[in-house]
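J.: Got a structure for you, written out below as structure tokens; questions coming shortly.
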Amino acid sequence: MEKYSSGRGSAADRAFWLQAHNGTPHVVDRVGRGTVAVNNLLATICGGIQPDRLRQFGDLTDDGLWQRFIPILVGPGRMGCDERPTPAVAEYADAIGWLLQLDPKMRMELSAPAQTVRLDVERRAFALEQGEALGARFASFCGKMHGLWGRLALVLALLDPDPSAAFIVPERAAIAARTLIFDSVLPNAARIYAATGGAGADNEATKAIAGFLLVKGAARVLASDLTRNVRVCRGLPVEDVQKLVSPLVAGGWLTPEREFNPTAWAVSPAVHTQFASRAMQEATRRAEVRRLITGDMNDGT
């Protein structure tokens, strides 16, 4: 996105893409080529990237650009085969074309039951936003879920309209959008943010390790304990784990069992004594995050 920003700074490109997420009027002024007015600047961006690559982009979270992407983990690749397209391919293309032809000034409202679903989504998203079990970057991502829910509910209502209530978003569309959020979007995002630390945030990774130490309550921790139980450490080499725990060593939480290339650390007993209440809060918060992400959609919990 910043490849062609030479001479004007990468911030200009990032501001453009941030604007293109929300959709507003935009004017393009090119010297020698005149001015072009865009009535409603919108861009849909789809692509693929390996989670390990995200670790190399340390500035993705600076301005909220990263949190505007909806990460979805795909399954393992399979051997390709020649098949004729199913009717679903043409139906999908027709649906997209039909949506694009709709009047952009058309107004739709939520039905009373859909409003109840909206309140449930906002409550659960707000609770996740306030928690820090998976880091501040994931919390910021959760803060955008009520807006995503509204977009999904609108599109689903248009694709499956209620003939008896035109221009109304019915409850079934609201529930379907909620299911997409909590059964697909959030679980996938939680795995990505935990695995990448929110795209390169060592501080958040160190906080995750500290939370694990408080919840576990052990007197000794191995590097393998962290790579097995702390998502941001999974798959990391020992030297990277050492880097992430170094602030805890400097702060007196951990003491390396050997001076060079440590793979085990003693946990200061004072940590569990002084932070006993925080340990209980951390365990409760983690359980609540799991419940909110994978909660029962039938009763709204």
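Nothing in this text is a laboratory measurement; each read-out follows from the coordinates by a stated rule. Just so we're clear, the structure is a prediction, and the values are computed from it rather than from any experiment. Positions of Cβ are backbone-derived with ideal geometry, glycine not excepted, and every protein chain shown enters the neighbour counts.
J.: Would you mind computing, in nm to one decimal, how far apart the modelled labels at Thr263 and Val249 are, each placed 7 Å from Cα along Cα→Cβ?
T.: For Thr263 paired with Val249, the spin-label model returns 1.5 nm.
J.: For the range 93-200, give the magnitude of the charge dipole about the Cα centre (Cβ charges: +1 Lys/Arg, -1 Asp/Glu; no others), in debye to the nearest 20.
T.: The dipole of the range 93-200 has a size of about 280 debye.
J.: Assign one of three labels to the range 202-293, namely rounded, prolate or oblate, based on the Cα gyration tensor with a ≥ b ≥ c the square roots of its eigenvalues; rounded applies when a/c is under 1.5, prolate when it is not and a/b is larger than b/c, and oblate otherwise.
T.: Oblate, since a/c reaches 1.5 and b/c is not below a/b.
J.: Follow-up question, since we're still on this one. Note the full-extension length gain between Phe126 and Ala165 as 0.36 nm times their separation in residues minus their Cα-Cα distance, in nm to one decimal.
T.: Length gained, Phe126 through Ala165: 11.0 nm.
J.: How much length is gained on full extension from Ser140 to His272, taking 0.36 nm per residue of separation minus their Cα-Cα distance?
T.: Additional length available on full extension: 44.6 nm.
J.: Using 0.36 nm per residue of separation minus the Cα-Cα distance, give me the extension gain between Met280 and Gln101 in nm, one decimal.
T.: The Met280-Gln101 span can extend by a further 59.1 nm.
J.: Next question. Size of the dipole of the range 202-293 about the Cα centre, Lys and Arg at +1 and Asp and Glu at -1 on the beta carbon, nothing else charged, in debye to 20?
T.: Charge dipole, the range 202-293, about its Cα centre: 420 debye, nearest 20.
J.: Run the quick spin-label model on Val31 and Thr116: label points 7 Å from Cα toward the beta carbon, then report their separation in nm to one decimal.
T.: According to this spin-label approximation, the distance is 6.1 nm.
J.: So, how do all the Cα-to-Cα distances of the range 127-193 break down into 5 Å bins, in percent, from 0 on up?
T.: 3, 18, 24, 19, 13, 10, 7, 4, 1
J.: Under a point spin-label approximation (7 Å from Cα along Cα-to-Cβ), what is the Ala15-Cys81 distance to one decimal in nm?
T.: 5.3
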